[in-house]
Amino acid sequence: MAENHSADPVQSRVRDCAAAIGALFNGVFGTLDHWRNQVEASTAWGAGDVDPAVYAMVEPELTAADPLLIGAGFIAAPGVVRGKGLHFAWWLGPLEDNPILGTTTEPSQLDLASREYADYLRDLSALEWYRVPEATGARHITGPYVDHLCTCDYILTLTAPVVVGGSMAGVVGADVLVRRLERDALPLMRAVGVPTALVSAAGRVVVSTDPQLPVGTLVDAGQASGSAVACPGTNLKVMAPTAR
């Protein structure tokens with residue numbers, strides 16, 4: 001007898017939600033793939049001045065109307081950019097009442113020299129958003145976590161490896177504010193019809209319509225069992241605890 005998928009409408013809506021959220025993130029990863037191709041083909045390394053090329057690459061996304069991305073750029077492995085060690089060619093989009101930069105109307109470059117508390121960034125091997133793409137050769141989503149360096153808010157960091165001459169040259173990446181992501185994700189999750197949470201690979205809640213699972217909550221294996229549906233192309237899942 002053929003299986004009747006319509007018998008479980010809630011789980012079907014969870015799958016639809018997961019597919020739509022996957023498409024949203026895959027759109028960002030498509031942008032990262034385009035940037036990666038540009039960086040890998042760049043000749044700026046020889047001149048040691050990669051920043052203008054990276055800024056021209058990311059500026060349209062950061063200044064678009066109602067942008068999804070709050071930060072973006074290229075982080076070069078030590079020695080890749082001539083005359084420099086570890087180098088962050090990274091920009092923040094326009095900000096409103098930011099605790100560090102105040103209100104800005106155009107992209108601002110991240111200045112590590114002015115961040116006395118940024119020494120932890122010197123060891124890329126300790127940072128998930130770099131370590132995982134380096135180890136797997138694949139794109140990755142890190143977070144949610146509180147970004148104390150730039151936004152002072154919950155973010156997700158999406159990264160993809162850059163390979164030049166067969167060696168890891170760094171990552172291209174983008175930051176997404178969780179509260180900005182909510183505007184796109186919450187309508188999709190409410191359409192499921194039951195309390196729903198978007199959860200990271202580590203079990204951390206990213207977005208939620210479930211009052212018992214606020215953002216940042218760590219979901220235990222029992223809560224997620226049998227109810228989580230993967231968002232295609234990502235390491236995120238949509239979980240509806242009441243769906244069976």
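Since every read-out is calculated from the coordinates, none of them should be taken as a lab result. Remember, it's a predicted structure, so these values are computed and weren't measured experimentally. Because the Cβ atoms are built from the backbone with ideal geometry, glycine has one as well, and the counts that use them run over all protein chains shown.
Starting from 0.36 nm per residue, how many nanometres of slack lie between Val146 and Asp184 once their C-alpha separation is accounted for? Don't skip to the end; give the middle numbers.
Numbers: separation 38, 0.36 × 38 = 13.68 nm, distance 2.01 nm.
Contour length minus the Cα-Cα distance gives 11.7 nm.
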According to a simple spin-label model (label point 7 Å from Cα along Cα-to-Cβ), what is the distance in nm between Asp220 and Ala41? 5.2
Pseudo-spin-label distance Val164 to Arg131, built 7 Å along Cα→Cβ, given in nm, is 2.5
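State the dimensionless ratio Rg/Rh of the stretch 180-239 (Rg: radius of gyration of Cα atoms; Rh: Kirkwood radius). Working shown, then result.
Details: Rg = 10.5 Å, Rh = 11.4 Å.
Ratio value, two decimals: 0.92.
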With labels modelled as points extended 7 Å from the Cα through the Cβ direction, what inter-label distance (nm, one decimal) is found for Ala64 paired with Asp123? 3.7
Total formal charge among the other residues, if their Cβ is under 11 angstrom from that of Gly173, Lys/Arg +1 and Asp/Glu -1: +1
Computed from every Cα-Cα pair in the stretch 137-244, P(r) in 5 Å bins starting at 0 and rounded to whole percents is 2, 12, 21, 23, 17, 12, 7, 4, 2, 1, 0
